[in-house]
Amino acid sequence: MNREQELSIDFAACDGHGLCAELLPERIGLDEWGYPVLRDVAIPSVLVDHARRAAAACPVLALRLTSAARGARRSAPRR
């Protein structure tokens, strides 16, 4: 089964440091309070290393990179 990588944010844990948006601006923006907004949860293979760095750099480990089965049902990104 082919798997792709997806980003998720634990909004209860996020403190709005903004490092994720600095390290992965292709997929993460910031709202007016400095909290992350996912532009797309799917991560193409060319951005996987950047996504891993962004997840590892989160001071509260609120950003996660996970494998998801292709075609699996996804919830809409939270804003």
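Take the residues in region 41-60 that are part of a loop (DSSP other than H, G, I, E, B) and under 11 Å from the mean Cα position of the chain (by Cα); name whichever of them is farthest from Ala21 (Cα to Cα).
Taking the candidates together, the pick is Val41.
Here is a yes/no grid of residues against (1) at pLDDT 95 or above; (2) surrounded by 12 or more Cβ atoms within 10 Å (Cβ to Cβ); (3) out of contact with any helix residue (DSSP H, G or I) (no Cβ under 6 Å at 6 or more places or on another chain):
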site	(1), (2), (3)
Gln5	no, yes, no
Leu19	yes, yes, no
Glu22	yes, yes, yes
Ala51	yes, yes, yes
Leu63	yes, yes, no
Ala69	no, no, yes
Ala72	no, no, yes
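Among the numbered conditions (1) out of contact with any Cys (no Cβ under 9 Å at 6 or more places or on another chain); (2) within 19 Å of Ala68 (Cα to Cα), tell me where Ala12 comes up short.
Of everything listed in (1) out of contact with any Cys (no Cβ under 9 Å at 6 or more places or on another chain); (2) within 19 Å of Ala68 (Cα to Cα), Ala12 misses just condition (2).
The values are calculated or read from the model by the stated rules, or taken from the named source; none is laboratory data. These numbers were taken from a predicted model, which means no experiment stands behind them. Quick reminder, even Gly has a Cβ in these numbers, built from the backbone with ideal geometry, and neighbours come from all protein chains shown.
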